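The values are calculated or read from the model by the stated rules, or taken from the named source; none is laboratory data. Bear in mind that the values here come from a model prediction, so they are computed numbers and not experimental data. Neighbour counts are summed over all protein chains in view; Cβ atoms, including those assigned to glycine, are modelled from backbone coordinates with ideal geometry. Accessible surface is based on the protein model in full, side chains and every heavy atom, while ligands, DNA and RNA are left aside. Shrake-Rupley method; radii C 1.70, N 1.55, O 1.52, S 1.80 Å.
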Amino acid sequence: MEERTYTKGLLEALLFLSSDPIKLSALAKSAGIEKTEARELLDELILDYQEKEGGFLLREIAGGYQFITNQKYSEVLAHIFKDKKRETLSRGTLDTLAIIAYKQPITLTELDEIRGVSSRAMVASLMSKKLVKAVGQKEVPGRPTLYGTTNEFLLHFGLSKLTDLPTPVEVKELKFEEFSPESIIVTDETEMNPDFDLSTLPEELQDGA
């Protein structure tokens with residue numbers, strides 16, 4: 001077997017056995033090759049699966065590479081695996097997530113100004129579901145907490161990086177539910193992850209959780 005073909009197959013096997021995205025550097029190291037060669041082979045694999053139009057596709061997601069199911073089978077698969085755990089987000093929480101994703105890093109006050117209502121409960125819910133995290137403090141009086149999205153957010157929405165998000169015309173007009181994946185259920189009520197430790201929330205969110 002040609003060495004290039006063997007290495008390409010090895011990368012494919014490594015990705016198939018992983019349930020999480022694998023970074024380019026880790027794949028190159030495992031295969032004993034340079035990152036430039038690994039990227040070339042991975043690009044070939046992405047094209048191979050794309051042209052095949054089968055049940056799987058290879059994508060760059062959350063800073064790594066991962067096999068995903070082909071979107072054209074999502075409706076049937078969602079019905080078959082309807083008991084699979086899915087995140088529940090209210091429309092208000094989904095809107096809040098959209099604003100954070102596009103405007104991060106952003107403070108709670110800035111969020112409230114954009115939405116026109118309090119966002120405390122929504123941000124607390126998003127943090128409990130590991131879709132949003134505190135990323136620092138703004139260098140202004142009071143040093144309010146800055147919020148941003150997490151790696152889990154990228155995984156949920158099948159993104160490799162934040163720049164893969166669609167370009168919005170107007171932040172206030174964002175409709176995240178229009179492209180939310182099957183792993184997200186949109187409801188009318190804001191819910192917290194019952195296993196989340198509320199004491200880990202920033203102080204400004206304690207009253208809203």
Original post:
Of the heavy-atom accessible surface of the stretch 91-171 (probe 1.4 angstrom), what whole percent is carbon and sulfur?
Top reply: 52
**OP:** Answer rounded, prolate or oblate for the stretch 1-69, using the Cα gyration tensor with square roots of eigenvalues a ≥ b ≥ c: rounded when a/c is under 1.5, else prolate when a/b is larger than b/c, else oblate.
**Re:** oblate
Original post:
Using θ = phi - 60° and the Karplus curve 6.51 cos²θ - 1.76 cosθ + 1.60, what whole-Hz ³J(HN,Hα) does each residue of the stretch 6-21 get, with Gly and Pro shown as x?
Top reply: 4, 5, 4, x, 5, 4, 4, 5, 4, 5, 5, 7, 9, 8, 10, x
Subject >> Using θ = phi - 60° and Karplus 6.51 cos²θ - 1.76 cosθ + 1.60, couplings along the stretch 159-167 (whole Hz; Gly, Pro as x) >> reply: 10, 7, 8, 4, 5, 7, 5, x, 7
Subject >> Residue-normalised accessible area of the stretch 1-149, expressed per residue, 1.4 Å probe, Å² >> reply: 58
**OP:** Would you mind checking which residues have amide H under 5 Å from LEU201's amide H? H placed 1.01 Å from N; only 5 or more apart, or other chain.
**Re:** none
Original post:
Along the stretch 95-108, what does the Karplus equation 6.51 cos²θ - 1.76 cosθ + 1.60 (θ = phi - 60°) give for ³J(HN,Hα), rounded to whole Hz, x for Gly and Pro?
Top reply: 4, 4, 4, 4, 5, 4, 4, 8, 10, 4, x, 9, 8, 5
Subject >> Fraction of alpha-carbon pairs over 15 Å apart in the stretch 91-171 - percent >> reply: 54
**OP:** Could you list which residues have their amide H under 5 Å from that of THR107, counting only those 5 or more apart in sequence or on another chain, with H placed in the peptide plane?
**Re:** TYR147
Original post:
Peptides 147-159, 105-117: what's the order by average Cβ count within 10 Å, highest mean first?
Top reply: 147-159, 105-117
Original post:
So who's got an amide H within less than 5 Å of the one on THR88, skipping anything under 5 residues away but keeping other chains? H placed 1.01 Å off N, in plane.
Top reply: ILE185
